[in-house]
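Notes for the one structure printed next.
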Amino acid sequence: MAANGARVLVLERDRSFKDRVRGQFLTSWGWPRRHLGIYDLLIGSVAHQVGWADFYAGTTLTMHRDVIATTPHQLPCLAFYHPAMQELLLGAAAEAGARVRRGAAVHDVQPGAPAIVVLGENGRTEEVRARLLVGADRRSSQIRACTGFEVRRDPDGNLIAGVLMDDIRAPEAIAQLVVHSELGQQAVIFPQGEGRARTYFCCHNTHPRHNGADDRPR
Ligand SMILES: Cc1cc2nc3c(=O)[nH]c(=O)nc-3n(C[C@H](O)[C@H](O)[C@H](O)COP(=O)(O)OP(=O)(O)OC[C@H]3O[C@@H](n4cnc5c(N)ncnc54)[C@H](O)[C@@H]3O)c2cc1C
């Protein structure tokens, strides 16, 4: 929008980003990200290309999929460290002409024409007005709460826990997904290059939670 002449303000509460164990694998069938120019930005910098996906049922390899050859846009999947992606995209927004304010937290939103956003930065409160407001502020979105959108969701069924591993001896061009249907469990390895990989463990929510460093051995 900024590149096309709109006056854009980006408010980001965090001054620096930390690992949040999520959002690090873009599958190759997500056309909009290419359309938005995000794909090319990622592939030219922080992203590691993953051209294959191996699916296992227990220890049996059931599919060795060439994602470039078998997807409509013939692109690899991309894996990256989430905070690096966040920095890259905020930088790109600024370069396109948006004003990016780090450490500026939205406290309240009043819908209207224009909408009013109340924000806090360095202990000071301020109001800004906008014709269009985009809320991308996570699952517990404050903007959604302030603007009265109704949330409908299925009951929680599954849990997902993740760790970031260094010096992992797994193929760097293959995402591996291992399903154990009898136990209702799945393990996933998304390589990020240079021996690093995000690994996930997924299970039913009847299983004890894995949370924090103390649970890492489990
Ligand atoms: C375990 C797990 C694994 C996942 N893996 C993947 C994956 O591999 N690939 C994938 O595509 N998706 C994945 N997802 C989903 C993905 O992470 C989310 O869909 C995505 O991050 C949501 O984007 P968002 O911009 O709404 O929120 P977020 O990514 O949470 O970003 C919100 C931003 O808004 C800022 N913010 C929040 N509140 C305020 C405020 N009041 N004022 C100012 N700034 C604020 C935050 O600091 C943050 O930077 C995963 C999710 C989970 C839980």
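The values are calculated or read from the model by the stated rules, or taken from the named source; none is laboratory data. Every value quoted in this text rests on a predicted model; they were computed, and no experiment measured them. Cβ coordinates were reconstructed from backbone atoms using ideal geometry, including for glycine residues, and neighbour counts include every protein chain displayed. Just the protein is used for accessible areas: all its heavy atoms, side chains included, with ligands, DNA and RNA removed. Shrake-Rupley method; radii C 1.70, N 1.55, O 1.52, S 1.80 Å.
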Please give the length that would be gained between N211 and I160 if that part of the chain were fully extended, namely 0.36 nm times their separation in residues minus their C-alpha to C-alpha distance (nm, one decimal). 17.4 nm
Please list the three semi-axes, largest first and in whole Å, of the ellipsoid equivalent to the chain, using sqrt of 5 times the eigenvalues of its alpha carbon gyration tensor. 35, 22, 17
Rounded to the nearest whole number, the Stokes-Einstein translational diffusion coefficient of the range 41-124 at 37 °C and 0.692 mPa s (Kirkwood radius, C-alpha pairs) in µm²/s is 193 µm²/s
Roll a 1.4 Å probe over the protein chains and send me the accessible area per residue for the range 166-218 in Å². 67 Å²
For the range 67-115, what is the Kirkwood estimate of the hydrodynamic radius, computed as the reciprocal of the mean inverse distance between distinct Cα atoms, to one decimal in Å? 14.6 Å
Give the residue from Y200, A145, F190 lying farthest towards the positive end of the charge dipole for the range 128-218; charges sit on Cβ (+1 for Lys and Arg, -1 for Asp and Glu) and the dipole is referred to the Cα centre. A145
T27 to R131: FRET efficiency via 1/(1 + (r/R0)^6), r the Cβ-Cβ distance, R0 41 Å, to the nearest 0.05? 0.75
The chain - charge dipole about Cα centre, Lys and Arg +1 at Cβ, Asp and Glu -1, debye rounded to 20: 540 debye
If I stretch the segment between S181 and R153 completely, what's the gain in nm (0.36 nm per residue apart, minus their alpha carbon distance), one decimal? 7.6 nm
Give the longest segment of the chain that steers clear of GluC sites (Glu not before Pro) in DSSP loops with at most 13 neighbouring Cβ atoms within 10 Å, not counting the sites themselves. 1-149
Treating the angle as unsigned and between 0 and 90°, give the value, to the nearest 10°, between the Cα long axis of helix 82-95 and the longest Cα principal axis of the chain. 40 degrees
Classified through the alpha carbon gyration tensor (a ≥ b ≥ c as square roots of its eigenvalues; rounded if a/c is under 1.5, else prolate when a/b is larger than b/c, else oblate), the range 143-206 comes out oblate
Considering only protein heavy atoms, what per residue accessible area in square angstrom results for the range 1-120 with a 1.4 angstrom probe? 56 Å²
Exposed chymotrypsin sites (Phe, Trp or Tyr not before Pro) being those in a DSSP loop with at most 15 other Cβ atoms within 10 Å, the longest stretch of the chain free of them is 30-148
Tell me the carbon and sulfur percent of the accessible area for the chain, rounded to whole percent, probe radius 1.4 Å. 52 percent
With 0.36 nm assigned to each residue of separation and the Cα-Cα distance removed, D167 to Q142 gains 5.1 nm
Per-residue [θ]222 nm for the chain (sum of -39500 (n - 2.57) over DSSP H runs n ≥ 4, rounded to 500): -4000 deg cm²/dmol
When each pair of different Cα atoms in the range 1-85 is counted once in the 1/r mean, what is the Kirkwood radius in angstroms, to one decimal? 15.2 Å
